[in-house]
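Enquirer: Okay, handing you the structure first.
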Amino acid sequence: MEQGWDEHQALASRSRAALLDVLRANGGAMGVDELAESVGLHVNTTREHLDRLVSAGLVSRAPEHRTTRGRPRILYRHREPEGARVRNVIDGVLLAGYGHAMASPSATAELAGRQAAGDLIPEGLLERARTPQEARRILVTELERLGFAPRDEGDGLRLCRCPVESLARERSEVVCAAHLGMTSALVERIGQLEVLDATPFIDGESCIVRLRPTRVIEEGTAQVPGEGTAQVQGA
């Protein structure tokens with residue numbers, strides 16, 4: 001997984017937590033001078049803290065749009081962390097299973113992940129593919145939006161970040177099964193591909209979900225595997 005500032009590290013500082021609170025309460029974009037005054041810090045110190053919050057994905061920054069001459073200010077605003085929707089789904093999966101006896105936690109989590117896929121990407125907001133290559137592109141785009149940081153490596157797609165990595169390492173039989181269910185449901189909705197299997201943390205860092213193209217023999221009949229396979233690596 002990519003190394004960088006995560007949410008917990010970024011909020012370990014009271015000053016950074018205070019800056020985030022100000023941005024949340026404001027709801028809009030703010031300049032560094034305004035933020036520094038709000039929390040009682042020097043502008044340079046404030047800028048360093050904001051850099052950490054941006055690195056953790058808790059704050060976004062962009063140049064101010066100006067209609068007059070002059071160097072535009074850099075404005076900051078609060079943003080929902082990448083992968084927040086995935087974390088919410090996993091929390092729901094874990095809470096739903098708490099206190100209930102089940103024959104297979106992994107199978108139950110995979111089913112729950114499938115059912116939660118519609119909450120992540122509602123019907124009508126997921127593009128339908130016409131070719132396996134297009135399906136791969138759509139899947140990469142959606143996984144990026146969900147916070148997995150996919151990277152195309154030619155022979156596969158590497159997911160460089162897991163929104164719930166620490167939890168996945170502790171309870172991979174539940175978390176990774178839920179991820180598999182979510183991914184399988186999304187792949188089926190996109191079309192042209194099918195999930196073969198998944199291996200979590202195969203190299204200690206990334207997981208592999210194997211995919212292969214599907215093709216329709218005749219209209220109204222089931223799809224059967226096409227020739228060749230493609231690999232998607234990730235958490």
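The values are calculated or read from the model by the stated rules, or taken from the named source; none is laboratory data. Quantities reported herein were computed from a predicted structural model and do not represent experimental measurements. Because the Cβ atoms are built from the backbone with ideal geometry, glycine has one as well, and the counts that use them run over all protein chains shown.
Enquirer: G28: surrounded by fewer than 16 Cβ atoms within 10 Å (Cβ to Cβ), at pLDDT 90 or above and over 20 Å from P200 (Cβ atoms), yes or no?
Expert: no
Rundown of residues vs (1) surrounded by 12 or more Cβ atoms within 10 Å (Cβ to Cβ); (2) without any contact (Cβ under 8 Å) to a residue 24 or more places away in the chain; (3) touching a His at 6+ places or on another chain (Cβ under 6 Å); (4) within 12 Å of L193 (Cβ to Cβ), yes/no style:
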| position | (1), (2), (3), (4) |
| --- | --- |
| S104 | no, yes, no, no |
| G113 | yes, no, no, no |
| A116 | yes, no, no, no |
| L120 | yes, no, no, no |
| G124 | no, yes, no, no |
| E127 | yes, no, no, no |
| P132 | yes, no, no, yes |
| R137 | yes, yes, no, yes |
| E144 | yes, yes, no, no |
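Enquirer: Looking at E219 and the list (1) more than 29 Å from L58 (Cβ to Cβ); (2) assigned to a helix (DSSP H, G or I); (3) at pLDDT below 80, which single condition is not satisfied?
Expert: Among (1) more than 29 Å from L58 (Cβ to Cβ); (2) assigned to a helix (DSSP H, G or I); (3) at pLDDT below 80, the lone unmet condition for E219 is (2).
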